[in-house]
Amino acid sequence: MSDGTGGVDEVTRSELAAVPCVVQDAPWLTPDQQIWLVAVASLVAGAARLLAQDPGTAIEHGQLDRMWALLDHAIV
């Protein structure tokens, strides 16, 4: 049974949600690295929500594939 979180616990979801707010307080990271961290955190959190809400559609219509392609592009 789906708990609506895509298998991600509350602590992890909270940490992923905080990344865009706290990354600006990391001056040792370059702007590119900050953007990368925000993109990765957003994609991971979004994929979990997508799987929790409608896994069949996410898989059948290639939504996860598109998210992973964005992730690949973000980390290159």
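The values are calculated or read from the model by the stated rules, or taken from the named source; none is laboratory data. A quick note: this is a predicted structure, and the numbers were derived from the prediction, not measured. A quick note on method: Cβ atoms are made from the backbone with ideal geometry, for glycine too, and the neighbour counts reach across all protein chains shown. Heavy atoms of the whole protein, side chains included, go into the accessibility calculation; ligands, DNA and RNA do not. Shrake-Rupley method; radii C 1.70, N 1.55, O 1.52, S 1.80 Å.
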Would you mind telling me which numbered condition in (1) at positive phi; (2) within 15 Å of the chain's Cα centre (by Cα) residue 36 fails? (1)
Region 7-18 residues that are part of a loop (DSSP other than H, G, I, E, B), paired with ones that are among the hydrophobic types (A, V, I, L, M, F, W, C) (beta carbon under 8 Å, 6 or more apart): 7/48; 7/51; 7/52; 8/16; 8/45; 8/48
In region 26-42, residue surrounded by the fewest Cβ atoms within 10 Å (Cβ to Cβ) [restricted to those that are of a type in the set (S, T, N, Q) and over 16 Å from residue 12 (Cα atoms)]: 30
Could you check how many residues of region 43-76 are in a helix (DSSP H, G or I) and open to solvent by less than 70 Å² (accessible area, probe 1.4 Å)? 19
